[in-house]
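K.L.:
Got a structure for you, written out below as structure tokens; questions coming shortly.
The values are calculated or read from the model by the stated rules, or taken from the named source; none is laboratory data. Remember, it's a predicted structure, so these values are computed and weren't measured experimentally. All Cβ positions, glycine included, derive from the backbone under ideal geometry; neighbour counts span all protein chains shown.
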Amino acid sequence: MFNELLAMYEEPLFLKVIIGTNLIALFSFLAMSVPLTLLAYWNPQWVRPYRIQSREPHYGRLIRGSLIHLARNFAVAFILSVLSWPLLRLTGIHDGPLPAWYVIVAQVVAFAIIDDFLFYWAHRWLHEIPFLYKAVHSIHHQVTTPIAITGNYMHVVEFLIISTLVFVGPILFGAHVITIWIWVVVRQWEAASQHSGISIPWTPTHLIPLYDGPAYHDFHHSKFYGNYSSLFSYTDALFKTKSKKYDEYRRTKDRGATTIEDPFLKINH
């Protein structure tokens, strides 16, 4: 039995799915979050009109805390993913012939829709169940003025929940490992950009249907209630948890305001 178990960990697919995916997740997040964090810190003149909040983040505290949480959370997730391999290898995830490009695109879109719906409910319950908020989610809400590196500033339990949800789509579809890697990069872009504190209107991401940009999640951090979805806003609209004050902010933005200001928000660092 031991030899059979050992053989599972000698499979090339183990290296690709477990080792490869964990490394891609970590380094893609750092590759996207570090430049965005530096951009917010340097705050060049051309960026200032696109800052979502007018108040400066506590960069030192947030960066130190983010790196500590990031190292711990990825270490725990890596160990658990290694232990889960005997089950994960049975799900249909594979490294066979690469699917056509349009199949990959369609699957990544499907993964995003599935993940966003599941994330909405997990996130909402983390707020609405007092024990979960106090013991778990309150860590992430120590960040009231986000910067990109804080995308993974969270309790290890929350990190494991989110990481598990990311894999639901690939498991349901029996996805190719390359498709999974692409999806993981997209998901890490989402984590970094949604916490960047900067909303640049001329980026191509604003063409994504039902995507409100970084301001949508930033508003959640500053107000704590509502705007629970991760990428698409339809779940909040459908289940009536979209913040009315966010719509008020958007109307103000359309009139020419460039940052979130009182009286709409009273932000405590």
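K.L.:
Quick one: what pairs do we get from region 132-147, first residue surrounded by 15 or more Cβ atoms within 10 Å (Cβ to Cβ), second at pLDDT 95 or above and among the polar types (S, T, N, Q), C-beta under 7 Å, 6+ apart or different chains?
P.N.:
Qualifying pairs under 7 Å: Val143/Thr150; Ile147/Thr37.
K.L.:
Oh, and also: Of all residues in region 169-179, which are out of contact with any Phe, Trp or Tyr (no Cβ under 8 Å at 6 or more places or on another chain) and among the hydrophobic types (A, V, I, L, M, F, W, C)?
P.N.:
Ile171, Leu172, Val177, Ile178
K.L.:
Hey, among the residues in region 26-78 that are more than 23 Å from His220 (Cβ to Cβ) and of a type in the set (Gly, Ala, Ser), which one's modelled with the lowest pLDDT?
P.N.:
Gly60
K.L.:
Starting from residues that are without any contact (Cβ under 8 Å) to a residue 40 or more places away in the chain and part of a loop (DSSP other than H, G, I, E, B), keep the ones in region 10-66 and report whichever is nearest to the chain's Cα centre (by Cα).
P.N.:
It comes out as Asn43.
K.L.:
Please go through region 94-120 and give me each residue that is of a type in the set (Val, Ile, Thr) and either in contact with a strand residue (DSSP E or B) (Cβ under 8 Å, 6 or more places away or on another chain) or surrounded by fewer than 17 Cβ atoms within 10 Å (Cβ to Cβ) (or both), ordered by number.
P.N.:
Within region 94-120, Val103, Ile104, Val105, Val109, Ile113 meet the criteria.
K.L.:
Answer with yes or no whether Ile178 is farther than 19 Å from His220 by Cβ and either outside any helix (DSSP H, G or I) or not basic (Lys, Arg) (or both).
P.N.:
Judged against the criteria, Ile178 is a match.
K.L.:
Right, something else. For Tyr120, are the conditions met, namely being without any contact (Cβ under 8 Å) to a residue 60 or more places away in the chain and assigned to a helix (DSSP H, G or I)?
P.N.:
no
K.L.:
Same structure again: Across region 127-146, which residue is nearest to Leu70 (Cα to Cα) among those that are modelled with pLDDT of 95 or more and in a loop (DSSP other than H, G, I, E, B)?
P.N.:
Only one residue tops the list, namely Val136.
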